[in-house]
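Note sheet for the following structure.
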Amino acid sequence: MTPQPGADVAAAEAHVAAQRDASVSGSPRFDAVRYDLTLSENPFPPLPSVRAAIEGCLARANRYPEFLPRLLPQVIAEHLGVEADHIVVGAGATGVAMQIMQTLPARGSRFIFATPTFDGYPILANQVGLHTVQVPLDGSGRQNLWSILRAVDERTGLIAVCRPHNPTGTVVPASELKGFLYSAPSHIPIILDEAYVEFLGAADTLDPVELVRRHPNVIVLRTFSKAYGLAGLHIGYGFGSPELLARVRRLQLPFGMPEAAIAAVRASYAAEAELGERILRITTQREVLRTALRRTGIRVPRSSGNFLYLPGRDIAATLTHAGIAVKRYADGSARIAVGDPEADRAVLNALAAPVDPISGEDSHILSLTLRSGPSAVRSRHR
């Protein structure tokens, strides 16, 4: 794909607006949408203690934040058990990804990732003048790491791997990822996108500290927008080697991290038990919804995010006509956020899947969810 340097940012805004509007022929207008499931947002507001911490900052809103962020990297680094120079922060994971693309690969070099994936990657690549190489997912909705590796050549400047993957929710096995990282050229920066890491089961969670120690070309990308429910504050960070992040930090936006972000992250880390309960509610609802949808014949992949991918050429249109805004794909498939029981029921009704009482099979799923548990902060090294 040939990039168009300097492309109007309005194109990106139009893309997001189109997803919100679900504007296809005969579709309802945005003001007719009953449920907006486009952006895999957390259905719950911030935790009460987090909300109180944010509100406590408002009295100082007349003051500028730090010129360059020091406190937030320190808070995150302390939580992970590393030094602050291993952390770079930005306006969500998207903001950090933009800094990475602007500082690490050479302009005009190739950026390799699976497709479909997080929309931000092709959009940002186009804005900064990178050529994208998009490797199709396999038939199970998984990233084919070996096909990605075969696409690497002397023009490659950046690679991205999502774990869990967006939009399918599938997870590259730890052994496969480690093999890929050992095989990839060590001079090429690799983004390991863990935007949904808190929804992973314990068995699938990797130690980012050990991963970066072994592979200093890896930057682990995380956000507080999903599990933590702070999408409106747009707080993200990258974890990597000090040498690599020093280059990324060159484009740190002055005054770019408000005091409320620091207070929100501190309060979120202090409320780990409540956060874990909330994540469990979302993942349990996800499994019940997936089971009901699969009973109708929709081949929904097993997801480790707060969303489900619904393959099928009429899925997106059917949900849109029912007043449910979704993330739609060119083949008619859709990704939907989960966790809101009312929205989940609307999805089931739209797809002709009546909501049954929890059966024995559902009870088994619930027990598996409880035993595996989401990964929401089981230790300082997540």
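Rolled with a 1.4 Å probe across the full set of protein chains, the surface gives Asp85 an accessible area near 70 Å².
As an exercise, find the ratio Rg/Rh for the stretch 48-271 from alpha-carbon atoms, using the Kirkwood inverse-distance average for Rh. Before the final figure, lay out the partial values.
Numbers: Rg = 17.3 Å, Rh = 17.9 Å.
Answer for the stretch 48-271: 0.96.
The listed peptides 202-211, 68-77, ordered by packing as a protection proxy, come out as 68-77, 202-211 (highest mean of other Cβ atoms within 10 Å first).
Label-to-label distance for Val152 and Arg295 is 4.6 nm, based on points extended 7 Å past Cα in the beta-carbon direction.
Note on Ala246 and Leu280: the model spin-label points, each 7 Å out from Cα along the C-beta direction, lie 4.5 nm apart.
Accessible-area rank, largest first, for Thr103, Thr318: Thr318, Thr103, with all protein chains present and a 1.4 angstrom probe.
For the stretch 48-271, the solvent-accessible area of protein heavy atoms averages 39 Å² per residue (probe radius 1.4 Å; ligands and nucleic acids excluded). Element breakdown for the stretch 48-271 at a 1.4 angstrom probe: carbon and sulfur atoms account for 55% of the accessible area.
The values are calculated or read from the model by the stated rules, or taken from the named source; none is laboratory data. What you see is a predicted model, and the numbers here were worked out from it, not measured in a lab. Note: ideal-geometry Cβ built from the backbone for every residue, glycine included; neighbour counts use all protein chains shown. Surface areas here come from the heavy atoms of the whole protein model, side chains and all, with no ligands, DNA or RNA. Shrake-Rupley method; radii C 1.70, N 1.55, O 1.52, S 1.80 Å.
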